[in-house]
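The values are calculated or read from the model by the stated rules, or taken from the named source; none is laboratory data. Here the structure is a predicted model, which is why all the values come from computation and not from measurement. FYI the Cβ positions are ideal-geometry reconstructions off the backbone, even for glycines, and counts take in every protein chain you see.
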């Protein structure tokens, strides 16, 4: 007897949504895709029709379907995930088949782990976070809600990433460092000490620039 696969309702139609759509297709878990976006001027993304605005999706029943927020902006993604939780929607977790994720890792709802990424032993990836292309998250790291670990980032063992923080492309964070919530680490940086919340750092070693 064949198993009926669910639809995936995707909120967002920008560049990050393209990665989400292709990752979701590679999982072979979904029968079809329904795309919604508040700002897109296009009618399609990767041959998928844009069916309306995000509120249109949230107003429908979608019995048996799963949802995913495909928006790179951490604050907006967090707001939409909160709405989905409030409506008791089923929120998908997407892990590319080429990613390597430890069986002892904890992966939350609304997380995407993109092609080539590695998540090692006892790491925790909290709801709504992005582990982007070829990023590595080593043992015992904790990535809080709706953070973004950009392509090529390396988090060494025991790193703690705060809620809605952004670790820029190609950056490295040394073992045991803590990055505060809403902090931004500029691309190509090397973090060798704790970073406070709500600041921007860059450089090697990373220092505050704003």
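What the table below lists for this structure:
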| read-out | value |
| --- | --- |
| Residue in the stretch 30-53 that is within 20 Å of residue 127 (Cα to Cα) and not assigned by TED's automatic domain parsing to the domain that holds residue 151 present | no |
| Conditions (1) surrounded by fewer than 18 Cβ atoms within 10 Å (Cβ to Cβ); (2) in contact with a strand residue (DSSP E or B) (Cβ under 8 Å, 6 or more places away or on another chain); (3) at pLDDT 95 or above: number failed by residue 98 | (2) |
| Residue 142 being in contact with a strand residue (DSSP E or B) (Cβ under 9 Å, 6 or more places away or on another chain) and more than 19 Å from residue 187 (Cβ to Cβ) | yes |
| Filter pass, residue 19 being part of a helix (DSSP H, G or I), in contact with a strand residue (DSSP E or B) (Cβ under 8 Å, 6 or more places away or on another chain) and modelled with pLDDT of 95 or more | yes |
| Sole residue being touching a residue at least 24 places away in the same chain (Cβ under 8 Å), over 12 Å from the mean Cα position of the chain (by Cα) and not assigned by TED's automatic domain parsing to the domain that holds residue 187, chosen from 72, 64 | 64 |
| Residue match in the stretch 164-171 (condition: out of contact with any helix residue (DSSP H, G or I) (no Cβ under 6 Å at 6 or more places or on another chain), part of a loop (DSSP other than H, G, I, E, B), under 20 Å from residue 127 (Cβ atoms) and at pLDDT 95 or above) | yes |
| Tally of residues being in a loop (DSSP other than H, G, I, E, B) and crowded, with 20+ Cβ neighbours inside 10 Å across the stretch 1-16 | 2 |
| Scope the stretch 22-38; condition surrounded by 21 or more Cβ atoms within 10 Å (Cβ to Cβ) and assigned to a helix (DSSP H, G or I); matching residues | 23, 24 |
| Top-ranked residue in the stretch 1-16 [being under 18 Å from residue 53 (Cβ atoms) and out of contact with any strand residue (DSSP E or B) (no Cβ under 7 Å at 6 or more places or on another chain); ranked as modelled with the highest pLDDT] | 16 |
| Selection count, the stretch 70-122, where residues are over 13 Å from residue 20 (Cβ atoms) and assigned to a loop (DSSP other than H, G, I, E, B) | 19 |
